1. Once Rg/Rh (Cα atoms, Kirkwood Rh) is worked out from the coordinates, which option in [x] 0.96; [y] 1.08; [z] 0.98 does it equal?
2. Angle, helix 99-119 long axis vs. longest principal axis of the chain, Cα atoms, 0 to 90°, nearest 10?
3. Compute the relative contact order of region 9-119 as a whole-number percentage, counting only Cα pairs closer than 8 Å that sit 6 or more residues apart in sequence.
Amino acid sequence: MTISTTKNKIQYIGDGVTTTFIYDFLVPSDDDMVVTFDGARVSSGYTVTGSGDPVGGTVIFDTAPSAPVEGASEAIIVLVRSVPQTQEMDLRPYDAFPADTVEGAFDKLTLITQDLQEQV
């Protein structure tokens, strides 16, 4: 596959009604999606769909996020891809060239580079 976008993050305002939030970038696996709510990482209470799909998917909350502080009118929800910085490709000498494996490794490096750029 090719990586045709540099996007790896999207932000929403929680209104206490909406439970489904769309992301439009590749997230290789559910574990690669980081969800934050008002700056705090959330590890449960939602489902990620569309992982592995280059066009993205959705994060569906069990309960609609809303402003956690009395008097606040909104809550900030951030969906960001965070790919582990590991290298799992093991090439064997004299084997046929594994083009798909090598392309997958380059794709992962591209995603990691994009994730790191987001942190700068």
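Each reported figure results from applying straightforward, stated rules to the coordinates on display, with no laboratory input. Small disclaimer: the values here were computed from a predicted structure and weren't measured.
1. [y]
2. 40
3. About 31 percent, as a whole number.
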